1. Please report the relative contact order for region 98-211, taking Cα pairs under 8 Å with a sequence separation of at least 6, and give it as a percent rounded to a whole number.
2. Taking the Cα centre of the chain as the origin, how large is its charge dipole in debye, to the nearest 20, when only Lys and Arg (+1) and Asp and Glu (-1) carry charge on their Cβ atoms?
3. If region 59-125 were replaced by its equivalent ellipsoid, with semi-axes equal to the square roots of 5 times the Cα gyration tensor eigenvalues, what would those be, largest first, whole Å?
4. Working with all protein chains in place, sort 92, 102 by solvent-accessible area computed with a 1.4 Å probe, largest first.
5. With a 1.4 Å probe and all protein chains left in place, how much accessible area per residue does region 6-135 have, in Å²?
6. Take the cross-link list 174/207; 72/198; 167/198 and give me the ones stretching past 31 Å between alpha-carbons.
7. How big is the accessible area of residue 116 in square angstrom, nearest 10, if you roll a 1.4 angstrom probe over the protein chains?
8. Which sequence of 200, 67 reflects their accessible areas, 1.4 Å probe, from the largest down?
Amino acid sequence: MGRCMIIGAGELEPDFLSDFSWRADDFIICADGGLRYAKQAGIRPDLLVGDQDSFTEGFPEGIPALTCRPEKDDSDMMLALKEGISRGYQEFVLLGATGGRFDHTLANLQTVAYGLEQGVFVTIADRYNLISMLREDTVFLPRMDGCYLSVFSYTPSCEGVTLSGVKYPLSGAKLTNWFPLGLSNEILAQSAQITVEKGTLVVVVSKDRQK
């Protein structure tokens, strides 16, 4: 099964969206106002989800849609993720999930954490950042020129944090959610190994905005 791509209503440049590394078997969900970005980029979604508060002209006919009332507990992005999970997808990429209102960005980070709880892998992607989470696991990340690697404890603490192949290695370290020890590292080897033995770790690959 392919990926489930969810386009939200955060900040999203149409050229970044149209030039994204799309796959033929991607299942595309627009979360409410994300449909506007999709239309600008010439992308036809497979499903529309949301309360239409950020797409007030109403969802168009011809595309399957799941509409809901604005008074709800789930964000539109969370509803889209839950729908993708119900359809059996294991890999998700959230686009248009950052920028604009910080509370929405933070809610989308919690959406990544929800995916981890459900046993699926969720990544937030924008022009400058890739954001994911790791729990009691190991991942390898390739070196990307001009990018920084940062790790943060999402839970109160993360134990057994090991970073190798980086400028500032760690071995069995403890990170807390109140001190940014893992900020702005660099991958020096062909790939970096990231391990966390206990807790949930936020993994961020970022590059500076072009000036």
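The values are calculated or read from the model by the stated rules, or taken from the named source; none is laboratory data. Keep in mind that this is a model prediction, so the values were computed, not measured. In this analysis, Cβ positions are derived from the backbone assuming ideal geometry, glycine residues included, and neighbour counts consider all displayed protein chains. When the accessible area is computed, the model is the full protein with side chains, heavy atoms only, and any ligands, DNA or RNA have been set aside. Shrake-Rupley method; radii C 1.70, N 1.55, O 1.52, S 1.80 Å.
1. Working: 247 pairs, mean separation 37.5, N = 114.
Dividing the mean separation by the residue count of region 98-211 yields 33 percent.
2. With Lys and Arg at +1 and Asp and Glu at -1, about 560 debye.
3. Working: eigenvalues 72, 55, 28 Å².
Largest first, region 59-125 gives 19, 17, 12 Å.
4. Values: 92 0, 102 150 Å².
Greatest to least solvent exposure: 102, 92.
5. Details: 6310 Å² over 130 residues.
That works out to 49 Å² per residue.
6. 72/198
7. Estimated to the nearest 10 Å², residue 116 gives 40 Å².
8. 67, 200
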